[in-house]
Amino acid sequence: MKVIESRQFKDELRVIAFYIKKDKLSASIDFVKNLKKSVKRLVDFPYQYKKSIYFDNDEIRDMVYRGYTIVYEINTEKDTLVLLSIFNQNLPDL
């Protein structure tokens, strides 16, 4: 299974990393690095997280990482996992 980052996910992650970087550069780097490790584990168990509360679709899931929600879609036909959005407490603009 291949992990694909949507443009929206990349943009949101960039904003989050920049915000963390204002306080401490190493914390920002660690956040992104460890998030990507957690996402790689989804490849083996994509259904380990609950169905998304933001979508009425069993293939869209919500992963929580350090207080942030990562919304992702599982596409078994294309053998892909698409990262749609990452946000903290606020409803995403999806």
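The values are calculated or read from the model by the stated rules, or taken from the named source; none is laboratory data. If you're wondering where the values come from, they're calculated on a predicted model, not measured in any experiment. We place every Cβ from the backbone using ideal geometry, glycine too, and count neighbours over all the protein chains shown.
Looking at ASP62, is it on the phi < 0 side of the Ramachandran plot, over 12 Å from the mean Cα position of the chain (by Cα) and of a type outside the set (Val, Ile, Thr)?
no
With (1) surrounded by 11 or more Cβ atoms within 10 Å (Cβ to Cβ); (2) over 19 Å from GLU5 (Cβ atoms) as the list, and ASN34 as the residue in question, which single condition is left unmet?
Checking ASN34 against (1) surrounded by 11 or more Cβ atoms within 10 Å (Cβ to Cβ); (2) over 19 Å from GLU5 (Cβ atoms), the one that fails is (2).
Of the residues VAL82, VAL64, VAL39, VAL71, only one is in contact with a strand residue (DSSP E or B) (Cβ under 9 Å, 6 or more places away or on another chain) and surrounded by fewer than 12 Cβ atoms within 10 Å (Cβ to Cβ); which?
Of VAL82, VAL64, VAL39, VAL71, the one residue that is in contact with a strand residue (DSSP E or B) (Cβ under 9 Å, 6 or more places away or on another chain) and surrounded by fewer than 12 Cβ atoms within 10 Å (Cβ to Cβ) is VAL64.
Is there a residue being in contact (Cβ under 8 Å) with a residue 60 or more places away in the chain and among the aliphatic types (A, V, I, L, M) anywhere in segment 12-31?
yes
Based on this model, can you work out whether SER26 counts as farther than 27 Å from GLU77 by Cβ, of a type in the set (Gly, Ala, Ser) and part of a helix (DSSP H, G or I)?
For SER26, the condition - farther than 27 Å from GLU77 by Cβ, of a type in the set (Gly, Ala, Ser) and part of a helix (DSSP H, G or I) - is met.
If you scan segment 37-67, which residues turn out to be among the β-branched types (Val, Ile, Thr), assigned to a strand (DSSP E or B) and within 17 Å of ILE4 (Cβ to Cβ)? Walk me through it before giving the result.
Of segment 37-67, the ones among the β-branched types (Val, Ile, Thr) are 39, 43, 53, 60, 64.
Checking the rest, the ones that are also assigned to a strand (DSSP E or B) come to 60, 64.
Within segment 37-67, ILE60 is the sole residue that qualifies.
Among (1) at pLDDT below 95; (2) in a loop (DSSP other than H, G, I, E, B), which single condition is ILE20 missing?
All conditions pass for ILE20, except number (2).
List the number of the failed condition for ARG7; all other conditions in (1) at pLDDT 95 or above; (2) surrounded by 11 or more Cβ atoms within 10 Å (Cβ to Cβ) hold.
Of everything listed in (1) at pLDDT 95 or above; (2) surrounded by 11 or more Cβ atoms within 10 Å (Cβ to Cβ), ARG7 misses just condition (2).
Which count do you get for residues in segment 10-28 that are β-branched (Val, Ile, Thr) and out of contact with any helix residue (DSSP H, G or I) (no Cβ under 8 Å at 6 or more places or on another chain)?
Residues meeting the conditions: 1.
Restricting segment 68-82 to residues that are part of a strand (DSSP E or B) and of a type in the set (Ser, Thr, Tyr), which is farthest from ASP11 (Cα to Cα)?
Ranking the qualifying residues of segment 68-82, first place goes to THR80.
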